Amino acid sequence: MSGETEAVNAKMEDLKVGETSQASEQNNAAEDGDKEDVVDPWTVATSSSKGIDYDKLIVRFGSTKIDDALLERFEKITGHKPHHFLRRGIFFSQRDLHLILTRYEAKKPFFLYTGSRGPSSTSMHVGHLIPFIFTKWLQDVFDVPLVIQLTDDEKFLWKDLKAEEANKLAYENAKDIIALGFDVNKTFIFSDMNYIASCPEFYRNMLKVQKCVTYNQVKGIFGFGDSDCIGKISFPAVQASPSFSNSFPAIFGTKKDIPCLIPCAIDQDPYFRMTRDVAPRLGYPKPALIHSTFFPALQGAQTKMSASDPNSSIFLTDTPKQIKTKINKYAFSGGGTSVEEHREKGGNCDVDIAYQYLTFFLEDDDRLAEFKEEYSSGRMLTGEIKKELITILQKMVAEIQERRKTVTSDLLKEFMTPRKLNCQS
Ligand code: TYM
């Protein structure tokens, strides 16, 4: 055995005791005993009408719950009241967030990294907005560089699409994202197909990750099978690489020690468990993470909102009328079967989709508490709570549509050009 092979094998052994194997073992244990919840980058499903059991998921994935002490520290250090996504447990889990806060306190640099594969046809759905709305807020709070990866390569590999089409859709996706209000001076958005071809530093990091992870490991983490194309098998290295600051020489020069914080829904965690296992062996800091729950499908919390089922989702291209019809027709109700029954027994907010959606998009805590009280007691009817939600969603989607119209090709080009970003740190 050559020295190099030995070294690589030794690294493989390291990986077995890291976060990835811990999570895989816990996944296997879960498979043996508890078959209910499936959460991976492709499937989110549970048989419980209340949705995924996120406490169990934290234990299975080996992440840490965001507790009151962490939120207090966040507020103390940043001077900002935690976003309602944090206050309401929508962003509920993290890895190493306290290290990022310590860096912020010490005025040491870090950056934000998030991404999207985007839908393969129409526009993003409102579920996709959750990590982006939160990332924008973090960008405002921390004033640090943000990189957004558009995985047109992932879309091409997983969907029945031509490469050119997937690449074109990434640009449409970028416009949706820009319309959420990101600051062009602080944000770099890139399509994998374009950026990787132009950046040797990024490609080198991909190769380094590829060399550290075996087929067996990637099979264990992502469940790939013998008939999956080799593009899928090597893709996790592409999603891992933006975690490392030297993948962006235009922003960070040759610095390789600047860590990132990744906001995403928890379905993306497998990619970053793998990244965190590999990072120290490449001499890079581990990415920190902050995970959200899933914005549920209209039909109920058993599954997440998904672009592949148009009737499960509200899209950013929907008209006010479509939004109203979808909510009235499809949003699962936790109300009684008749007005009389509802008045008598009240509605069940735990399963009611209109109420669940309001927890994401109604910022006013007092009004939300009032709706909960009124609906649970039966004083507020299903039609009435749906009406409140429809108004909020129609306004939010219309505003995004208006801002999207202002995204010119020049602005798009600016966001997507590798360049120095203008942040405090
Ligand atoms: P994608 O396109 O599936 O999703 C983009 C982001 O949206 C989150 N998400 C949701 N969040 C809440 N509720 C939902 N119903 C919902 N559906 C999707 C995803 O977790 C993700 O944060 N492989 C990735 C693209 C990617 C990426 C990243 C994502 C590349 N690098 C870094 C996050 C962070 C993907 O397919 O995302």
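Coordinate-derived values only; no laboratory data. Bear in mind that the values here come from a model prediction, so they are computed numbers and not experimental data. Ideal geometry is used to build each Cβ from the backbone, glycine not excepted, and the neighbour counts take in all protein chains shown.
Between Thr408 and Ser306, what is the spin-label point distance in nm, taking each point 7 Å from the Cα along the Cα→C-beta axis?
4.1 nm
Using only Cα atoms, find the angle between the long axis of helix 200-212 and the longest principal axis of the chain, and express it within 0 to 90 degrees, rounded to the nearest 10.
90 degrees
Starting from the Cα of Glu373, move 7 Å in the Cα-to-Cβ direction to define the label point; list residues of segment 330-359 whose amide nitrogen is under 17 Å from there.
The answer is 346-347, 349.
Using only DSSP helix segments of four residues or longer, with each worth -39500 (n - 2.57), what per-residue ellipticity at 222 nm results for the chain after dividing by its residue count and rounding to 500? Display every interim value, and only then the final one.
Details: 21 runs with 225 residues, N = 425.
Result for the chain: -16000 deg cm²/dmol, rounded to the nearest 500.
If the chain between Val184 and Lys420 were fully stretched, how many nm would it gain, using 0.36 nm times the residue separation less the Cα-Cα distance? Can you show the working numbers first?
Values: separation 236, 0.36 × 236 = 84.96 nm, distance 1.11 nm.
Contour length minus Cα-Cα distance gives 83.9 nm.
Grab the Cα-Cα distance for Leu99 and Lys159, subtract it from 0.36 nm times how many residues apart they are, and report the gain in nm with one decimal. Numbers along the way, then the final one.
Values: separation 60, 0.36 × 60 = 21.60 nm, distance 3.74 nm.
Computed gain between Leu99 and Lys159 is 17.9 nm.
Find out how many positive minus negative residues lie around Ile258, taking Lys and Arg as positive, Asp and Glu as negative, among other residues whose Cβ is under 12 Å from that of Ile258. Write out the running numbers ahead of the final one.
Values: positive: Arg103, Lys108, Lys255, Lys256; negative: Asp257.
That works out to +3.
Roughly what angle does helix 3-16 make with the longest principal axis of the chain, taking Cα atoms, 0 to 90 degrees, to the nearest 10?
For helix 3-16, the angle is close to 20 degrees.
Past the 26 angstrom mark, what percentage of all C-alpha to C-alpha distances in the chain do you count? Please list the in-between numbers first.
Working: 50941 of 90100 pairs.
Every Cα pair in the chain considered, those over 26 Å come to 57 percent.
Would you mind checking Lys65/Lys405; Lys56/Lys329; Lys81/Lys395 for any pair whose Cα atoms are more than 28 angstrom apart? Write down the numbers at each step before the final one.
Details: Lys65/Lys405 39 Å; Lys56/Lys329 32 Å; Lys81/Lys395 25 Å.
Listed pairs above 28 Å: Lys65/Lys405; Lys56/Lys329.
Once you place label points 7 Å from the Cα toward the Cβ at Thr214 and Leu362, how far apart are they in nm?
5.4 nm
Working out 0.36 nm times the residue gap between Lys232 and Lys329, then minus their Cα-Cα distance, what length gain in nm do you get to one decimal? Mind dumping the intermediate values first?
Values: separation 97, 0.36 × 97 = 34.92 nm, distance 3.75 nm.
That pair, Lys232 and Lys329, stretches by 31.2 nm at full extension.
Would any residue of segment 233-277 have its amide N under 14 Å from a label point 7 Å out along Cα→Cβ of Leu207? List them or say none.
The answer is none, because no backbone nitrogen lies closer than 14 Å to the label point.
Under the definition of Cα pairs under 8 Å and six or more residues apart, what whole-number percent is the relative contact order of the chain?
On the way: 672 pairs, mean separation 85.8, N = 425.
That works out to 20 percent.
Taking the alpha-carbon centroid of each part, what is the distance from segment 246-265 to segment 118-148 in angstrom?
17 Å
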